[in-house]
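Worksheet for the structure shown next.
Every number here is computed from the coordinates shown, using simple stated rules; none is lab data. For clarity, every value in this text was computed on a predicted model and none was experimentally measured. Using ideal geometry, Cβ is built from the backbone for each residue, glycine included, and neighbour counts are taken over all protein chains shown.
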Amino acid sequence: MESPTPELHSRPSMAACIIGDEILNGKIEDTNTRYLARTCFSYGMELKRVEVVGDEFADIADAVQRLSARYDFVVTTGGIGPTHDDITYEAIARAFGRELKYHDETLERMDRLATNKTQLATLDKEALSARRRMALLPTPCRVTYLRDDFWVPLAIIDNVHIFPGVPKIFRAMLDSWFANHLFKHAPTSPKLIPQPFVRLTIATRWPESKIAKYLTQLQEKVTTQRVKIGSYPLWQNPRAAVVITFVGTDPVLLQECADQIKQAVEGFDWVDNE
């Protein structure tokens, strides 16, 4: 029986556990985190924490348990392939006291939607067994298929959602999850109606030390209105010394904040990547 989803915070919060030795040793660049962050931002979901762990049972289990207890939704990526170091399903099963069992529908989809059927016909018993490992899921869990053309399942234990690490597949599944599943199947709550974040950006030629007091004073005034102000120095840019961002959900309030700071620090509008 599934445990109830934890009580949601004032705005849905997200955490991610990125799994894989290849991330920690620098062999592979983690592009999934940035894609997740951008997607959360566009839907008004707060991505509060990201942890990267290696292919170790204890590390994965510890991270997932902590994140699950603290945040509304947890996404894991990586470690669900057919090789010996793909241990995510087993580690999460251990973390939640579940068994590992073959999932029949996933096995059926794996065969039916395979794109390399000719090659599959040549696999020996050992290779087929390795392939079937990808359908060995924590049980019980909820399983959904986010794309009709993908056999890869989204396995869900409580509020933990287990995604693949391959960027192309991760992005396609994440897009479908946000657009078609997340807000429809989560517990009924008005705050789960997507309310995208908005970001306004200005710049100034003044140094950070000179603008700090103005930003601090305004941030103290608007914190309760859920506006976050950030400053980011530029290196050897002929046009500006600092970029200032205003993030929130009320465009009118954000514009008022931006106008106030522009006036105080001789600021001007700025386009990202300018």
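For the reader, a short list of remarks on this structure follows.
- Scanning residues 5 or more positions from D86 or on other chains, none has an amide H under 5 Å from its amide H, with H placed 1.01 Å from N in the peptide plane.
- Each part gets one Cα centre, and for segment 226-269 versus segment 16-66 those centres are 29 Å apart.
- Among D259, D250, D59, the largest mean-square fluctuation in a Gaussian network model of the chain (Cα springs under 10 Å) belongs to D259.
- Each Cα pair under 8 Å and six or more residues apart adds its separation to the average, and for the chain the resulting relative contact order is 18 percent.
- Per-residue Karplus couplings for segment 153-169, computed as 6.51 cos²θ - 1.76 cosθ + 1.60 with θ equal to phi - 60°, are listed in order as x, 9, 8, 10, 10, 6, 9, 9, 10, 9, 9, x, x, 4, x, 4, 6 Hz, Gly and Pro entered as x.
- Distance between modelled label sites at H84 and L24, nm, 7 Å Cα→Cβ extension: 1.8 nm
- Degrees separating the helix 251-265 axis from the principal Cα axis of the chain, which is the longest one: 50 degrees
- Whole-percent P(r), the chain, all Cα pairs, 5 Å bins from 0: 1, 5, 11, 14, 14, 13, 11, 9, 7, 6, 4, 3, 1, 0, 0.
- Relative exposure of I229, I60, judged by other C-beta atoms within 10 Å (fewest first): I229, I60
- Highest-fluctuation residue, S176, S129, S13 considered, GNM on the chain with Cα pairs under 10 Å: S129
- Extension gain, D59 to K168, is 36.7 nm, computed as 0.36 nm per intervening residue step minus the present C-alpha separation.
- Multiplying the residue separation of Q219 and N116 by 0.36 nm and removing their Cα-Cα distance gives an extension gain of 31.5 nm.
- Number of Lys-Lys pairs in segment 43-184 with C-alpha atoms under 28 Å apart and a separation of 8 or more places or on different chains: 9.
- Coupling constants for segment 127-142 follow from the phi torsions by the Karplus curve (6.51 cos²θ - 1.76 cosθ + 1.60, θ = phi - 60°), and in residue order they are 5, 5, 5, 4, 5, 5, 4, 6, 10, 8, 9, x, 9, x, 7, 8 Hz; glycine and proline get x.
- Springs between Cα atoms under 10 Å define the GNM used for the chain, and in it the highest mean-square fluctuation of A93, A179, A15 occurs at A179.
- Long-range HN-HN contacts of V52 with modeled amide H, under 5 Å: I18
- Each peptide in 210-216, 62-68 was scored by the mean count of other Cβ atoms within 10 Å over its residues; highest first, the order is 62-68, 210-216.
- Residues Y43, Y71, Y232 arranged by fewest to most Cβ contacts within 10 Å: Y232, Y43, Y71
- Here the translational diffusion coefficient of segment 98-202 follows from Stokes-Einstein with Rh set to the Kirkwood radius across Cα pairs; for 4 °C and 1.567 mPa s it amounts to 81 µm²/s.
- Contour minus Cα-Cα distance for R66 and L128 (0.36 nm per residue): 18.8 nm
- Estimated vicinal HN-Hα couplings, Hz - segment 76-82 in sequence order (Karplus 6.51, -1.76, 1.60; Gly, Pro = x): 10, 10, x, x, 10, x, x
- Entry for segment 198-269 at q = 0.11, 0.17, 0.21, 0.27 Å⁻¹: log10 I(q)/I(0) = -0.23, -0.54, -0.82, -1.28, Debye formula applied to identical alpha-carbon scatterers, no solvent contribution.
- Computed from the Cβ-Cβ distance with R0 of 35 Å, the FRET efficiency linking T31 to E266 stands at 0.40.
- On Cα atoms only, tilt of 32-43 relative to the major axis of the chain in degrees: 60 degrees
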